[in-house]
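*Asks:* One structure is given below, represented as structure tokens, and several questions about it will come after.
The values are calculated or read from the model by the stated rules, or taken from the named source; none is laboratory data. Please read all numbers here as calculations on a predicted model, not as lab measurements. Here the Cβ positions follow ideal geometry from the backbone for every residue, glycine too, while neighbour counts run over all protein chains shown.
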Amino acid sequence: MLAHGQTVVQLMERLAPKHYAVEGDKIGLQLGTLQKEIRKVLVALDVTEEVVDEAIFVGANLIVAHHAIIYRPIAKLDTSTPAGRLYEKLIKNDIAVYISHTNLDVAEDGMNDWMADLIGIDTEGRLPLDEVHTDKLYKLVVFVPKDYRDRVLEAVWQAGAGGIGNYSHCSFNLEGTGTFRPLEGADPFIGSTGKLEQVEEVRIETIVPYSVHRAVIQAMLKAHPYEEVAYDLYPLELKGRSFGLGRVGKLSAPTTLGELADKVKKAFDVPFVRVVGDLQRSVSKAAVLGGSGAKYFRQAQFYGADVLVTGDIDYHTAHDALAAGIALIDPGHNAEKIMKAKVADWLARGLAERKSSTEVVASAVDTEPFRFV
């Protein structure tokens with residue numbers, strides 16, 4: 001069974017929720033339609049004409065990419081221009097394009113966590129470099145027949161509810177008596193039409209982050225035996241988890257700047273890296289930010305990082321960082337190509353769990369625009 005386009009996007013947005021994106025970022029469906037069955041998904045860093053040709057060749061009718069193909073309003077669609085030719089080829093071949101950019105950067109176990117893992121930043125104590133989103137918290141209150149309490153609790157916990165700080169599976173349970181009278185047309189789980197019923201119930205209270213509240217509600221409704229479920233969702237003043245661009249933390253083991261630069265080069269499979277700083281200096285705490293992150297070197301230094309790994313470092317920023325005493329390693333913007341295999345694997349596993357025959361492949365096209373001579 002082929003997956004519907006919306007199913008693929010729902011999986012993608014479980015990994016990288018759209019509300020994580022930086023304001024104004026061009027994400028989501030950019031061309032085509034998702035109202036169709038998806039034969040094959042091609043995951044790419046950039047959508048170039050070569051990538052579109054690859055999609056046609058492998059039979060993909062959806063491209064999930066990191067970098068947008070439409071950055072600003074289009075005044076006209078001239079198919080004699082490179083951009084117009086690209087859009088024309090996509091439309092003629094019924095290939096939709098969906099973008100996951102800064103929301104994938106910000107997401108937990110997304111782009112910046114993958115990069116941090118590759119260069120050896122410990123997960124314990126790892127923090128965002130620049131906070132852009134704080135999850136709102138809600139309290140879910142639901143009334144459940146006593147014998148179904150554990151079933152409903154397990155369902156909402158599995159969907160992401162119940163976390164408070166470093167604790168999981170948090171809830172409050174209060175026993176009481178529920179009353180109801182099924183009316184004409186009802187199909188009650190307990191009781192009969194027209195008769196007032198009294199049932200031993202449990203009032204369950206638990207914390208739900210906004211980012212997963214829909215999934216938690218769906219899981220709760222599915223696990224609950226009642227035809228009509230009595231529940232409330234209250235907004236709280238408490239702050240939830242913070243998410244942001246980049247990552248900063250201690251390296252698994254101290255090293256030299258030169259050794260770390262070599263590790264970065266190999267980890268991101270790039271021909272060379274540019275380095276700012278003394279190659280023999282010791283580094284024990286590092287920051288990383290995918291894409292163009294040169295302007296974040298002061299935040300990295302504020303968090304105590306010895307080095308920032310990021311792309312597109314300009315000459316004057318390099319001088320400023322050198323004077324400030326923080327090292328820089330630049331593997332280039334194309335280092336983000338690691339997302340191709342990671343996203344393809346995520347989508348493939350999610351579709352397999354749904355017993356879908358839709359295939360997912362990572363693009364083999366090298367979209368690095370620079371050639372090194």
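*Asks:* Please go through the range 204-222 and pick out each residue that is more than 12 Å from Leu233 (Cα to Cα) and surrounded by fewer than 16 Cβ atoms within 10 Å (Cβ to Cβ).
*Replies:* Listed by number, the residues that qualify are Gln218, Leu221, Lys222.
*Asks:* Are there helices (runs of 4 or more DSSP H) fully within the range 55-156 with at least 1 residues that are surrounded by fewer than 13 Cβ atoms within 10 Å (Cβ to Cβ)? List them.
*Replies:* Answer list for the range 55-156: 82-92.
*Asks:* May I pose another question? Out of the range 305-340, which residues are free of Cβ contacts under 8 Å to residues at least 24 places away in the same chain and surrounded by fewer than 22 Cβ atoms within 10 Å (Cβ to Cβ)?
*Replies:* Answer for the range 305-340, where residues must be free of Cβ contacts under 8 Å to residues at least 24 places away in the same chain and surrounded by fewer than 22 Cβ atoms within 10 Å (Cβ to Cβ): Asp312, Asp314, Tyr315, His316, Thr317, His319, Asp320, Ala323.
*Asks:* When you scan the range 157-179, how many residues do you find that are outside any helix (DSSP H, G or I) and of a type in the set (Phe, Trp, Tyr)?
*Replies:* Adding up the residues that qualify gives 2.
*Asks:* Still on this model: Examine the range 191-204 for a residue that is out of contact with any Leu (no Cβ under 9 Å at 6 or more places or on another chain), free of Cβ contacts under 8 Å to residues at least 60 places away in the same chain and under 26 Å from Leu137 (Cα atoms), and state whether such a residue exists.
*Replies:* yes
*Asks:* May I pose another question? Of all residues in the range 1-21, how many are touching a strand residue (DSSP E or B) at 6+ places or on another chain (Cβ under 7 Å), modelled with pLDDT of 95 or more and not in a strand (DSSP E or B)?
*Replies:* Count: 5.
*Asks:* Among the residues of the range 22-51, how many are assigned to a helix (DSSP H, G or I) and either basic (Lys, Arg) or in contact with a strand residue (DSSP E or B) (Cβ under 7 Å, 6 or more places away or on another chain) (or both)?
*Replies:* Selection size over the range 22-51: 1.
*Asks:* Turning to a different aspect of this structure: Check the range 245-266 and report whether any residue there is closer than 12 Å to Ala335 by Cβ and surrounded by 18 or more Cβ atoms within 10 Å (Cβ to Cβ).
*Replies:* Yes.
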